[in-house]
Amino acid sequence: MTDTAAEPDVVDVLSSDHQEFLQLIEEIKLSGEAEARRDLADTLISELVRHAVAEEMYVYPAMRKHLPDGDEAIKHDTAEHKELEQTMKKLEAADAADAEFLAIIGELETTLRDHVRDEESDQFPQLRTRIPREELVEMAGKVETAKQLAPTRPHPLAPNNQVFHKLVGPGVGLVDRLRDKLTGRSA
Ligand SMILES: [Fe+2]
Ligand SMILES: [Fe+2]
């Protein structure tokens, strides 16, 4: 297909991920049941880790190449990804029935909103200004492919979660297991 006008570019893909994360957080905060909170949090962790890895693999090189302050922006984003990862690790170990669980969700939301604001108001518009649209559409495809290297944890309302449970499994170590799958550090 030569006409790319209707196809999503990498900014569309990553921005819609951001919306999904914030929506999951709202669902977690509104959920009255510990089990549902746990399921939603595992879905959030699984989506957020793949988003971060895909950005690192395909967006950072483009930022480094095309943005005047690319190195600086990558440094800031890397620090934020680390912070998100630390918070997700607290979340994987936390009991969804404890008040602490929602406090960790709040912490995650704060870092995430900062991440979203920086990318959507600063880096993403710069990418769109400086990189030809065809290339941004191609990057969208690469990001989607990279994200599929680990099994998705379907939304809790989806019919079954067996693939996710078999291949990565929830609980302590989930963040690392997902990252390993996505970066090919383990089979
Ligand atoms: Fe992002
Ligand atoms: Fe990021």
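The values are calculated or read from the model by the stated rules, or taken from the named source; none is laboratory data. What you see is a predicted model, and the numbers here were worked out from it, not measured in a lab. Backbone-built Cβ (ideal geometry, glycine too); neighbour counts: all protein chains shown.
Does the range 1-36 hold any residues that are more than 14 Å from ligand 2 (Cβ to nearest atom), surrounded by 21 or more Cβ atoms within 10 Å (Cβ to Cβ) and assigned to a helix (DSSP H, G or I), and which are they? Across the range 1-36, the qualifying residue is only Ile28.
Here Asp98 does not fit the description of being free of Cβ contacts under 8 Å to residues at least 60 places away in the same chain and closer than 15 Å to Leu48 by Cα.
Within the range 106-142, the residues that satisfy the criterion of being β-branched (Val, Ile, Thr), within 29 Å of Lys29 (Cα to Cα) and surrounded by 13 or more Cβ atoms within 10 Å (Cβ to Cβ) are Thr111, Val116. Among residues of the range 47-102 being outside any helix (DSSP H, G or I) and farther than 22 Å from Arg128 by Cα, the one that is farthest from ligand 2 (Cβ to nearest atom) is Ala97.
Restricted to helices (runs of 4 or more DSSP H) entirely inside the range 105-175, those with at least 2 residues that are at pLDDT 95 or above and among the acidic types (Asp, Glu) are 133-147. For the range 36-60, residues that are in contact with a helix residue (DSSP H, G or I) (Cβ under 6 Å, 6 or more places away or on another chain), within 14 Å of ligand 1 (Cβ to nearest atom) and β-branched (Val, Ile, Thr) total 2. For Glu83, the test of being charged (D, E, K, R), more than 21 Å from Leu136 (Cα to Cα), at pLDDT 95 or above and away from ligand 1 (no atom under 15 Å from the Cβ) is failed. Restricting Glu33, Glu26, Glu83 to residues that are touching a residue at least 24 places away in the same chain (Cβ under 8 Å) and of a type in the set (D, E, K, R) narrows the list to Glu83.
On the given criteria, is Asp39 assigned to a helix (DSSP H, G or I) and either of a type outside the set (A, V, I, L, M, F, W, C) or free of Cβ contacts under 8 Å to residues at least 40 places away in the same chain (or both)? In short, yes. Within the range 71-101, work out how many residues are within 17 Å of Lys29 (Cβ to Cβ) and of a type in the set (S, T, N, Q). Here the count works out to 1. Scanning the range 37-62 for residues that are aliphatic (A, V, I, L, M) and surrounded by fewer than 22 Cβ atoms within 10 Å (Cβ to Cβ), we see that the one that is farthest from Leu91 (Cα to Cα) is Ala62.
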